[in-house]
Amino acid sequence: MEDIFKEIVNMRSQGRNAALATIVKVKDSAPRAEGSKMLIRSDGTVLGSIGGGSLEAQVCREAMEVIREARPRLLHFNLTGEDVAENGMLCGGNMDVFVEPILSQPSLHIFGAGHISFAISKIAKIVGFRVVVIDDRAEFANANRFPEADEIFAGDFSEAFSKLNVGRSSYIVIVTRGHQFDTQILELAVKTEANYVGMIGSRKKNEAVFSSLLSKGIAKELLEGVHAPIGLDIDAETPEEIAVSIMAEIIKVRRAREHTVKTWNV
């Protein structure tokens, strides 16, 4: 058990994802006891066991979906069926397995280093995000201005994505100083696997940006997933209030993961 938890810490520090399967309920006979765990890495390798056979194989398949969706599942297994006997796992009971995603620390990529970004960076760090600040002005994007940032990129926006690690646990906030930069960044952002993409601006401005990207061949479905105007509507006015509304929306997206329950006869 201790080895599994050590491996989880090690994987998260390396930015790798996995799923942890735990037997949470056993009725009558089952191959393993409640509390037994198995770690399923994103490459399909495992550490630990919850019983072997077809049951474990099914859990591994479900774990891949849990990692992909970043959403936990509760699986019900009926261990009394004929197919169980054929696979040599006749136990005569039922078992529930909770499969939860083990994901690397969520990262917030803030494009733009102005007043709003200054406040977003501080709030994001407080609520547990890895903070990355990107701006083409070194006098704004620097460690003196953003001491809490884990990474700072000062250079051309168009070159940033090739140097950033943007995945399913990434969140992108576009708060630059001009339409042309927003359009440039959004075009690249919607092509990533980021869990959230938000862009600041009025509805009129955002419509103009979307229209420009549609004319360049960007799929409408990609743009429909963009949060624009960005942030929850809390009548925010100051940069700090706007930052709160943006982070509130990001937290809402991050936490909006309902449990999925499936029943399997194995």
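If you go through segment 7-45 and keep only what is free of Cβ contacts under 8 Å to residues at least 24 places away in the same chain, surrounded by 17 or more Cβ atoms within 10 Å (Cβ to Cβ) and either among the acidic types (D, E) or farther than 21 Å from N94 by Cβ (or both), you end up with nothing. Pairing each residue of segment 159-174 that is in the same structural domain as I120 (by TED's automatic domain parsing) and of a type in the set (S, T, N, Q) with any residue that is surrounded by 17 or more Cβ atoms within 10 Å (Cβ to Cβ) and not in a strand (DSSP E or B), provided the two are 6+ apart or on different chains, yields C-beta distances under 6 Å for S169/L103; S169/S104; S169/P106; S170/A194.
Give me the residue from segment 1-40 that is of a type in the set (D, E, K, R) and in a loop (DSSP other than H, G, I, E, B) and, out of that set, nearest to N78 (Cα to Cα).
From segment 1-40, those of a type in the set (D, E, K, R) are 2-3, 6-7, 12, 16, 25, 27-28, 32, 34, 37; that's our starting set.
From the residues that got through so far, the ones that are in a loop (DSSP other than H, G, I, E, B) too are 16, 28, 32, 34.
Working: R16: 32, D28: 11, R32: 14, E34: 15 Å.
That would be D28.
A search for C-beta distances below 7 Å between a residue of segment 236-251 that is free of Cβ contacts under 8 Å to residues at least 24 places away in the same chain and any residue that is among the hydrophobic types (A, V, I, L, M, F, W, C), counting only pairs 6+ apart in sequence or on different chains, returns A236/I242; A236/V244; S245/L232; S245/I234; S245/A236; A248/L232. Scanning segment 140-178 for residues that are closer than 27 Å to K205 by Cα and of a type in the set (D, E) yields D156, E159.
Residue by residue through segment 17-49, note down the ones that are among the acidic types (D, E) and either over 16 Å from R61 (Cβ atoms) or more than 25 Å from the chain's Cα centre (by Cα) (or both). Spell out the reasoning first.
So in segment 17-49, the residues among the acidic types (D, E) come out as 28, 34, 43.
Correct list: D28, E34.
The condition of being in a helix (DSSP H, G or I), among the acidic types (D, E) and either surrounded by 20 or more Cβ atoms within 10 Å (Cβ to Cβ) or in the same structural domain as K125 (by TED's automatic domain parsing) (or both) does not hold for E237. Search segment 240-266 for residues being modelled with pLDDT of 95 or more and under 12 Å from the mean Cα position of the chain (by Cα), and hand back the single one that is surrounded by the fewest Cβ atoms within 10 Å (Cβ to Cβ). Of everything passing the filter in segment 240-266, I251 is surrounded by the fewest Cβ atoms within 10 Å (Cβ to Cβ).
For every residue, the table says whether it meets (1) within 20 Å of V133 (Cβ to Cβ); (2) buried (at least 22 other Cβ atoms within 10 Å of the Cβ); (3) in contact with a helix residue (DSSP H, G or I) (Cβ under 9 Å, 6 or more places away or on another chain).
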{"position": "Y171", "(1), (2), (3)": "yes, yes, yes"}
{"position": "V175", "(1), (2), (3)": "yes, yes, yes"}
{"position": "H179", "(1), (2), (3)": "no, no, yes"}
{"position": "T192", "(1), (2), (3)": "yes, no, no"}
{"position": "V197", "(1), (2), (3)": "yes, yes, yes"}
{"position": "R203", "(1), (2), (3)": "no, no, no"}
{"position": "N206", "(1), (2), (3)": "no, no, yes"}
{"position": "L214", "(1), (2), (3)": "no, no, yes"}
{"position": "G225", "(1), (2), (3)": "no, no, no"}
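Have a look at E139, E159, E151 and point out the one that is closer than 28 Å to R255 by Cα and not polar (S, T, N, Q).
Within the list E139, E159, E151, the selection yields E151.
The values are calculated or read from the model by the stated rules, or taken from the named source; none is laboratory data. Model, not experiment: these values are computed from the prediction. Because the Cβ atoms are built from the backbone with ideal geometry, glycine has one as well, and the counts that use them run over all protein chains shown.
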